[in-house]
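Let me begin by presenting the structure, written as structure tokens, before commenting on it.
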Amino acid sequence: MKKRIFNLSATLIAGLFATAAFAQTPAAPAASVPAKVEAAHTKAVVKADAKEAQAVVKADAKEAKAVVDAKTEATTTKAKAHHKAKHTKAKADAKLASATAEAAPAAAK
């Protein structure tokens, strides 16, 4: 789902750049630059802008994934620590119960 949103955003941004590039072309082309050269230049600029937008979207997605992965790892580490502490407390309680059970018959004699 996120990938589709990022792709859609990249397409929309590329379209925005393309629209802006064509909107800025002069009404009467300069006599020194042929129309084909101007069109090729505009196309190259739009393509470069679209690639840049796509690279930015990819980088943002990668960063977001890294954040999610870091949060997941932290949660897993916390869960492991909680489980280990619980196990250690249970062992300590068992030792105490065992020591208390052994001490009770010795005190009765």
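When you look at Ala79, is it open to solvent by less than 80 Å² (accessible area, probe 1.4 Å), in contact with a Leu (Cβ under 9 Å, 6 or more places away or on another chain) and modelled with pLDDT of 90 or more, yes or no? Answer is no for this residue. For the criterion of being small (Gly, Ala, Ser) and either at pLDDT 90 or above or outside any helix (DSSP H, G or I) (or both), Ala66 passes. Being acidic (Asp, Glu) and at pLDDT below 90 is the requirement here; does Glu52 meet it? It is false that Glu52 is acidic (Asp, Glu) and at pLDDT below 90.
The values are calculated or read from the model by the stated rules, or taken from the named source; none is laboratory data. Because the structure is a prediction, the values reported are computed rather than measured. Glycine also receives a Cβ, built like all others from the backbone with ideal geometry; neighbour counts cover every protein chain displayed. With ligands, DNA and RNA removed, areas are computed over all heavy atoms of the protein, side chains included. Shrake-Rupley method; radii C 1.70, N 1.55, O 1.52, S 1.80 Å.
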